[in-house]
Amino acid sequence: MSQSQETLSNLLQETRSFPPPAELAAAANVKAEAYDEAAADRLGYWAKQAERLTWSKRWDEILDWSNPPFAKWFVGGELNAAYNCVDRHVEAGLGAKIAYHWEGEPGDTRTLTYADLQREVNKAANALLELGVRKGDRVAIYLPMIPELPISMLACARIGATHSVVFGGFSSEALRTRIDDAQAKLVITADGGYRRGKPSALKPTVDEAVAQTPTIEHVLVVRRTGEDVAENERDVWWQDLVERQSDQHTAEPMDAEHPLFILYTSGTTGKPKGILHTTGGYLTHVSYTHNAVFDLKPETDVYWCSADIGWVTGHSYIVYGPLANGATSVMYEGTPDTPNKGRWWDVIQKYKVSIFYTAPTAIRTFMKWGDDIPAQYDLSSLRVLGSVGEPINPEAYVWYRENIGAGRTPVVDTWWQTETGGIMISPLPGVTAAKPGAAMRPLPGVSAEVVDDQGEPVPNGGGGFLVLTEPWPGMLRTIWGDDERYIKTYWSRFEGKYFAGDGAKKDEDGDIWLLGRVDDVMLVSGHNISTTEVESALVSHPKVAEAAVVGATDPVTGQAIVSFVIPRGSAGEEVEGEEFLKELRDHVAKTLGPIAKPRQIMMVPELPKTRSGKIMRRLLRDVAENRSIGDVSTLADSTVMDLISEKLPSAK
Ligand code: 6R9
């Protein structure tokens, strides 16, 4: 039986659910009626959300879908994204309000008010103009998590240049291919940033990349670490050029469909896809969702999203969403364990963070480090917690709610993608009785379904493929320079529907659970089994912190389940023995049924992850099938595979 002939088996049973606190529900930004309102008039609902922004010219048409899958939202409308994120708040008298509490890894800090941000963005915009950057040009940004990163993005948006932010951790080769694909004219970088207590250089990587790219005219370099760097003719120091610019600049209105940014996703095969987002629809979507999903009260909340801005989560929920909403945010440069494993909780305590948004990978790491660490800090300012990036295992969800949220705060598990621009499926913190591990329901205005192989909706209790059935404002407009690939990748699997590439199920109440990438689904004795469910079963064992599961070729069952497990900090020594492995296998069989029992479980010190914390199962499949390990260039830490191989000299 081929993978596509059977829908996903639905194994995990989870019965816990957490209704919203009464006080939060009563004062919530978005109430239950919003679902009916959006269902009655979806486009009207989105037009109402677009009113959150300030438009220089109102749109003539909400959506032009006459040439699917190429959408145009708010056709004829004009606005400037930077004006909406900065100037309008200053004009409204909020210039003294803090936009960012920035915290460097070494402990240095910067406070940027909206008025400061306006001056900085204006200076940077004038600097870009002096370097010859014009509306429509592309600018690559390769910076650490310092204020110049959002400033650079907004400066681009202000003059209509399209930014392409590349993760500071990527190799020169990865940077070069992204520069070339977008034909960027300028790179903005820094000498380096701080990671794990040390300066970590960036400039040499840029020099190497730029030596081979024909389109780059200048490299604009922020001095952050003060380490020596090679100086080339095309280099310009930020501290020289930007600092001497005028802090006055008038933002130019852009067409609603003007390209705001390109962000590359690596995908499993082939060259990275340049996901293109435009201005009006994207900004509407992120402003709306940031307000609705986090119940943001801009006057009183302090919001922190711990993502890197090089990931879409940082674009939408550190930069554009929070700033469009006039929020006060925290931005942190470094790693969670520098100088110690309490750093994040220290940041929350220090700035009295009330809304916190992070990834399951981080939560599982904190579980591994132990409950006693967050317990040493005052986290009582928190009122809403969020999760993004991967399915959150129910145990990790409950740990997060209890140990970080004192068993009191709603946890919103938000499903979305680089391609969707903003959150699509999520509980609403004042409305939904959230179930641990479920993204629950499409947001008001969003249309999603779980379908079978034929594109038919599965009944409640069934599993299949997640699709989006109607266009939405934050949707990608195409893959940069490759319309064909856009159509083929997202719109060809199911007629007229966007195929997200994720497996999902609907439970008996019709709520949606994400089950991981379809490419990762295992086929065991004719059953399609989700890696996520087996991983969640493993993580529900009290001695397991993290687990990754892959399907390895097996002569008897087609594929067999192979698991890689990181024990919890408190688990002690007994986790190495055969007896413990048997206990774990039995635990999975008891939780999910005998079909899901792993053939093999291996204890490992680390798991291979991307910079956004997603487990790279492809590499683990190489280990499980005794192959040499494939491309590791998008790993957050390239030494992890060595650690694993060391631990498992004969992986089989
Ligand atoms: C925002 C982001 C997208 C893929 C997506 C899915 C996974 C993200 C999730 C989730 C289950 C969630 N994903 N959030 N899976 N539950 N709450 O992560 O964008 O880096 O493009 O990744 O991440 O597999 O398809 P991106």
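The values are calculated or read from the model by the stated rules, or taken from the named source; none is laboratory data. As the structure is a computational prediction, the values presented were derived from the model and not from experiment. Here Cβ is always computed from backbone atoms with ideal geometry, including for glycine, and neighbour counts include all displayed protein chains. Keep in mind that these areas ignore ligands, DNA and RNA; they rest on the heavy atoms of the full protein, side chains included. Shrake-Rupley method; radii C 1.70, N 1.55, O 1.52, S 1.80 Å.
If the requirement is being farther than 21 Å from Leu296 by Cα, open to solvent by 10 Å² or more (accessible area, probe 1.4 Å), more than 14 Å from the ligand (Cβ to nearest atom) and not hydroxyl-bearing (Ser, Thr, Tyr), which of these qualifies: Glu390, Glu449?
Glu449
When Lys582 is tested against (1) within 16 Å of the ligand (Cβ to nearest atom); (2) of a type in the set (Lys, Arg); (3) surrounded by fewer than 15 Cβ atoms within 10 Å (Cβ to Cβ), exactly one condition is not met: (1). For segment 621-652, a residue qualifies if it is part of a helix (DSSP H, G or I) and within 22 Å of the chain's Cα centre (by Cα), and exactly one does: Val640. Just for segment 65-89: of the residues that are outside any loop (DSSP other than H, G, I, E, B) and polar (S, T, N, Q), which one is nearest to the chain's Cα centre (by Cα)? So, considering only residues that are outside any loop (DSSP other than H, G, I, E, B) and polar (S, T, N, Q), the one nearest to the chain's Cα centre (by Cα) is Asn84.
Every listed requirement among (1) within 16 Å of the ligand (Cβ to nearest atom); (2) farther than 20 Å from Lys609 by Cα is met by Ala560 save one, (1). Being of a type in the set (Gly, Ala, Ser) and open to solvent by 30 Å² or more (accessible area, probe 1.4 Å): is that true of Ser354 here? Taking the combined requirement at face value, the residue does not satisfy it.
Meeting the requirement of 2 or more residues that are touching a residue at least 40 places away in the same chain (Cβ under 8 Å) and either in contact with a Pro (Cβ under 9 Å, 6 or more places away or on another chain) or surrounded by 20 or more Cβ atoms within 10 Å (Cβ to Cβ) (or both), the strands (runs of 3 or more DSSP E) wholly within segment 502-561 are 512-517, 527-529, 544-554.
Scan segment 33-48 and tell me whether some residue there is under 21 Å from Pro253 (Cα atoms), assigned to a loop (DSSP other than H, G, I, E, B) and of a type outside the set (Ser, Thr, Tyr). Checked segment 33-48: no residue is under 21 Å from Pro253 (Cα atoms), assigned to a loop (DSSP other than H, G, I, E, B) and of a type outside the set (Ser, Thr, Tyr).
Applying the criterion of at least 1 residues that are touching a Phe, Trp or Tyr at 6+ places or on another chain (Cβ under 8 Å) and within 16 Å of the ligand (Cβ to nearest atom) to the helices (runs of 4 or more DSSP H) found wholly in segment 314-369 leaves 321-324, 360-369.
Listed here are the residues, each with its yes/no results for (1) of a type outside the set (S, T, N, Q); (2) more than 22 Å from Ile479 (Cα to Cα); (3) assigned to a loop (DSSP other than H, G, I, E, B); (4) modelled with pLDDT of 95 or more.
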{"residue": "Ala140", "(1), (2), (3), (4)": "yes, no, no, yes"}
{"residue": "Ile146", "(1), (2), (3), (4)": "yes, yes, yes, yes"}
{"residue": "Ser152", "(1), (2), (3), (4)": "no, yes, no, yes"}
{"residue": "Ser164", "(1), (2), (3), (4)": "no, no, no, yes"}
{"residue": "Arg178", "(1), (2), (3), (4)": "yes, no, no, yes"}
{"residue": "Ala184", "(1), (2), (3), (4)": "yes, no, yes, yes"}
{"residue": "Ile188", "(1), (2), (3), (4)": "yes, yes, no, yes"}
{"residue": "Tyr194", "(1), (2), (3), (4)": "yes, yes, no, yes"}
{"residue": "Ala209", "(1), (2), (3), (4)": "yes, yes, no, yes"}
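Among residues of segment 407-428 being within 13 Å of the ligand (Cβ to nearest atom) and under 14 Å from Tyr35 (Cα atoms), the one that is surrounded by the most Cβ atoms within 10 Å (Cβ to Cβ) is Ser426.
For segment 313-322, the candidate set comprises residues that are under 9 Å from the mean Cα position of the chain (by Cα) and within 17 Å of Cys156 (Cα to Cα); within that set, the residue that is surrounded by the most Cβ atoms within 10 Å (Cβ to Cβ) is Ser316.
Kindly evaluate Val575 against the criterion of being surrounded by 16 or more Cβ atoms within 10 Å (Cβ to Cβ), of a type in the set (A, V, I, L, M) and within 16 Å of the ligand (Cβ to nearest atom). Working first, answer last.
Working: surrounded by 16 or more Cβ atoms within 10 Å (Cβ to Cβ): yes; of a type in the set (A, V, I, L, M): yes; within 16 Å of the ligand (Cβ to nearest atom): no.
No, not satisfied.
Yes or no, residue by residue, for (1) in contact with a helix residue (DSSP H, G or I) (Cβ under 9 Å, 6 or more places away or on another chain); (2) of a type in the set (Lys, Arg); (3) part of a strand (DSSP E or B):
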| residue | (1), (2), (3) |
| --- | --- |
| Asp228 | no, no, no |
| Glu231 | no, no, no |
| Val236 | yes, no, yes |
| Glu243 | yes, no, no |
| Gln248 | yes, no, no |
| Ala251 | yes, no, no |
| Leu260 | yes, no, yes |
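So, of the residues in segment 467-478 that are within 13 Å of the ligand (Cβ to nearest atom) and assigned to a strand (DSSP E or B), which turns out to be nearest to Trp46 (Cα to Cα)? By that ranking, first place goes to Leu468.
Residue count for segment 248-270 satisfying the condition of being at pLDDT 95 or above and within 24 Å of His315 (Cα to Cα): 15. Just to be sure before I move on: is Ala92 surrounded by fewer than 22 Cβ atoms within 10 Å (Cβ to Cβ), touching a strand residue (DSSP E or B) at 6+ places or on another chain (Cβ under 6 Å) and part of a helix (DSSP H, G or I) in the structure I sent? Judged against the criteria, Ala92 is not a match. Taking the numbered list (1) more than 16 Å from the ligand (Cβ to nearest atom); (2) not in a helix (DSSP H, G or I) in turn, Ile487 passes all entries but (2).
Looking across segment 370-389, the residues that are farther than 23 Å from Met424 by Cα and not in a helix (DSSP H, G or I) come down to Gly370, Asp371, Gln376, Tyr377, Asp378, Leu379, Ser380, Ser381, Leu382.
All conditions in (1) within 22 Å of Asp41 (Cβ to Cβ); (2) in contact with a strand residue (DSSP E or B) (Cβ under 9 Å, 6 or more places away or on another chain); (3) open to solvent by 30 Å² or more (accessible area, probe 1.4 Å) hold for Val431, with the sole exception of (2).
What's the total number of residues in segment 603-620 that are outside any loop (DSSP other than H, G, I, E, B) and either open to solvent by less than 10 Å² (accessible area, probe 1.4 Å) or within 16 Å of the ligand (Cβ to nearest atom) (or both)?
Residues flagged as outside any loop (DSSP other than H, G, I, E, B) and either open to solvent by less than 10 Å² (accessible area, probe 1.4 Å) or within 16 Å of the ligand (Cβ to nearest atom) (or both) within segment 603-620 amount to 7.
Summed over segment 280-312, residues that are among the β-branched types (Val, Ile, Thr) and open to solvent by 10 Å² or more (accessible area, probe 1.4 Å) total 2. The number of residues in segment 294-313 being within 16 Å of the ligand (Cβ to nearest atom) and touching a strand residue (DSSP E or B) at 6+ places or on another chain (Cβ under 7 Å) comes to 7.
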